[in-house]
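A short worksheet on the structure shown next.
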Amino acid sequence: MTKTKICGLTNLTDSLVAAEAGADLLGFIFYEASPRYVAPPTVKEIVSKIKQLAHPPSCVGVFVNSSAEAVAQTLDFCALDLAQLHGEESPEFVNQFQRRAYKAIRPQSLAEAEMLCTQYLKTSEVSKTSEVWPAILLDAYHPHLYGGTGQVTDWTMAARMARRYPIMLAGSLTPNNIGEAVGRVQPWGVDVSSGVEATKGKKDHQKIKLFVEACRNFLPYKNHL
């Protein structure tokens, strides 16, 4: 089944709604320039409550060009499961977290996407982790913004990549287009933030439920490795 990640969460109420709706991953943004930034002490409190659920989702910290020390300290302090690295982090930077991190990329073409995956991924490691988290997150290209661009990712390119790697698809997904996206791309998972918001940093609970439900009604993820 295609996994769902609700990202840009800033409070406990929205996080619990996402978890109870069946989201597989919850995302918290530690990039201070983002309108969805949330401080580590707040995330620590949220995660502690989420982990008390019978079937808690994985909790992901989203970082943009943070130091390795800052990423590691925040992961441990907040008891997060994973780091999503959304800046210009090098393959060496990602690999030092030993499968506890994955890279977000914003390629302009299929050729660039394939090149980046070759740089960042080792097939042996991908096959071990694909049931737990994605190999890579594929987001829409923008020359300056790290996500939240309002642009839809090239689904034809994404589908080609999804045949080879367990990708997380992002890029202006909504409850209205998620069914088509999953059907066409068949990604490992999908990532949504603004598409289920009432305002920046505050989620629309009905949209969260509709998004997760629509995703689950379409084709399951198949490991193409």
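Throughout, read-outs are computed from the coordinates displayed, never taken from laboratory work. The model shown is predicted, which means the values in this text are computed figures rather than measured ones. Here the Cβ positions follow ideal geometry from the backbone for every residue, glycine too, while neighbour counts run over all protein chains shown.
In what order do 209, 49, 3 fall by count of nearby beta-carbon atoms within 10 Å, going from fewest to most?
On the way: 209 18, 49 13, 3 24.
The fewest-first ordering by Cβ neighbours comes to 49, 209, 3.
Our summary of shape: the Cα atoms of the range 10-216 have principal axis extents of 41, 39, 33 Å, ordered from largest down, in whole angstrom. Estimated from the Cβ-Cβ distance and a Förster radius of 35 angstrom, the FRET efficiency linking residue 174 and residue 44 is about 0.70.
Entry for the range 27-111 at q = 0.13, 0.16 Å⁻¹: log10 I(q)/I(0) = -0.42, -0.62, Debye formula applied to identical alpha-carbon scatterers, no solvent contribution. Among the GluC sites (Glu not before Pro) found in the range 55-104, those both in a DSSP coil and sparsely packed, with 12 or fewer other Cβ atoms within 10 Å of their Cβ, are 88.
Take the chain, connect every pair of alpha-carbon atoms lying under 10 Å apart with a spring to form a Gaussian network, then pick out the residue of 70, 18, 170 with the largest mean-square fluctuation. Of the options given, 70 has the highest mean-square fluctuation.
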